[in-house]
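Derivation of every value follows stated rules applied to the coordinates shown; laboratory data play no part. Not measured: the values here are computed from a predicted model. Here the Cβ positions follow ideal geometry from the backbone for every residue, glycine too, while neighbour counts run over all protein chains shown.
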Amino acid sequence: MNPSGSATTRVILGTIIALMALLLLAGGWIIPFTFESFSILYKFGMEKTYLRSGKLAGITTALLLFYQIILASRFQLLEQVFSVKRLLFLHRINGMIITVLVISHPLLIKASENFTPYTFEKKYYPEFLGIGLLLVLLTISFTTIFRNFFRLSYSRWLFLHRLMVTLALLIMPVHILYVSETFKSGVPWNGALIVFSLNLLLVIRIWVLRLSQYGK
């Protein structure tokens, strides 16, 4: 294959991959409008806008985390199409966007409830798991941004980073699937299970590759 043909192939494949990623995001954004929970149905005005925006922020966070795992999985096809340098750049930018969204999500949700605090009842366990997920994701962000401040060597930071990401991906399915009626059945439930299953497989792959390299 000549250089121009190779470049053309990379452009075509890159465009297809980008469109697939955008299509998945668009599918996620439709959910709060098509599969409305009771909490949305019984809200009006700005409260409804806040709640729907909060749900959109949460869904986008979950999908961008899925993309983060893909970007970090070192797939040869992606590296050939985009290059390692561009994948790392996308990983960093995506991480920044996730940090903003993960902070916005609970603020918008609570704004729709006039910031009424949760009571310590069993029925609110998905919300409390969400708080735990928020803390884990913020820990990932801050230890990445301020790695030198915390005096973390690259190897220790990378181990902690992967460990915290794994923890986040274990908490996230329970939070999303049980925090509202939207994801309890039908297309949202099945779609979420597919994404979470792929997340788990990708994380297992990353850990297996790391452990195999460590043993050499």
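Looking at the structure I just gave you, is Leu129 free of Cβ contacts under 8 Å to residues at least 12 places away in the same chain and either in contact with a Pro (Cβ under 8 Å, 6 or more places away or on another chain) or surrounded by 14 or more Cβ atoms within 10 Å (Cβ to Cβ) (or both)? Walk me through how you get there before you give the answer.
Values: free of Cβ contacts under 8 Å to residues at least 12 places away in the same chain: no; either in contact with a Pro (Cβ under 8 Å, 6 or more places away or on another chain) or surrounded by 14 or more Cβ atoms within 10 Å (Cβ to Cβ) (or both): yes.
So Leu129 fails the test.
This table checks each residue for (1) under 18 Å from Thr61 (Cα atoms); (2) hydrophobic (A, V, I, L, M, F, W, C).
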{"position": "Ala111", "(1), (2)": "no, yes"}
{"position": "Lys123", "(1), (2)": "no, no"}
{"position": "Leu135", "(1), (2)": "yes, yes"}
{"position": "Phe142", "(1), (2)": "yes, yes"}
{"position": "Arg147", "(1), (2)": "no, no"}
{"position": "Val187", "(1), (2)": "no, yes"}
{"position": "Val203", "(1), (2)": "yes, yes"}
{"position": "Leu211", "(1), (2)": "no, yes"}
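Checking Phe66 against (1) closer than 27 Å to Ile30 by Cα; (2) without any contact (Cβ under 8 Å) to a residue 60 or more places away in the chain; (3) among the aromatic types (Phe, Trp, Tyr), only one condition comes out false. Which one?
Among (1) closer than 27 Å to Ile30 by Cα; (2) without any contact (Cβ under 8 Å) to a residue 60 or more places away in the chain; (3) among the aromatic types (Phe, Trp, Tyr), Phe66 violates only (2).
Within the group Lys43, Lys55, which residue is touching a residue at least 60 places away in the same chain (Cβ under 8 Å) and under 20 Å from the mean Cα position of the chain (by Cα)?
Details: Lys43 fails: under 20 Å from the mean Cα position of the chain (by Cα).
The unique qualifying residue is Lys55.
Yes/no per residue for (1) surrounded by fewer than 17 Cβ atoms within 10 Å (Cβ to Cβ); (2) within 25 Å of Tyr178 (Cβ to Cβ):
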| site | (1), (2) |
| --- | --- |
| Trp29 | yes, yes |
| Leu65 | no, yes |
| Phe75 | yes, no |
| Leu87 | no, no |
| Gly95 | no, no |
| Ser104 | no, yes |
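Check Glu79 against each of (1) under 28 Å from Trp189 (Cβ atoms); (2) under 22 Å from the mean Cα position of the chain (by Cα); (3) acidic (Asp, Glu) and name the one condition it does not meet.
Condition not satisfied by Glu79: (1).
List the residue pairs whose Cβ atoms are under 7 Å apart, where the first residue sits in the range 179-190 and is over 15 Å from Ile109 (Cβ atoms) and free of Cβ contacts under 8 Å to residues at least 12 places away in the same chain, the second is β-branched (Val, Ile, Thr) and part of a helix (DSSP H, G or I), and the two are 6 or more positions apart or on different chains.
Filtered contacts from the range 179-190: no entries.
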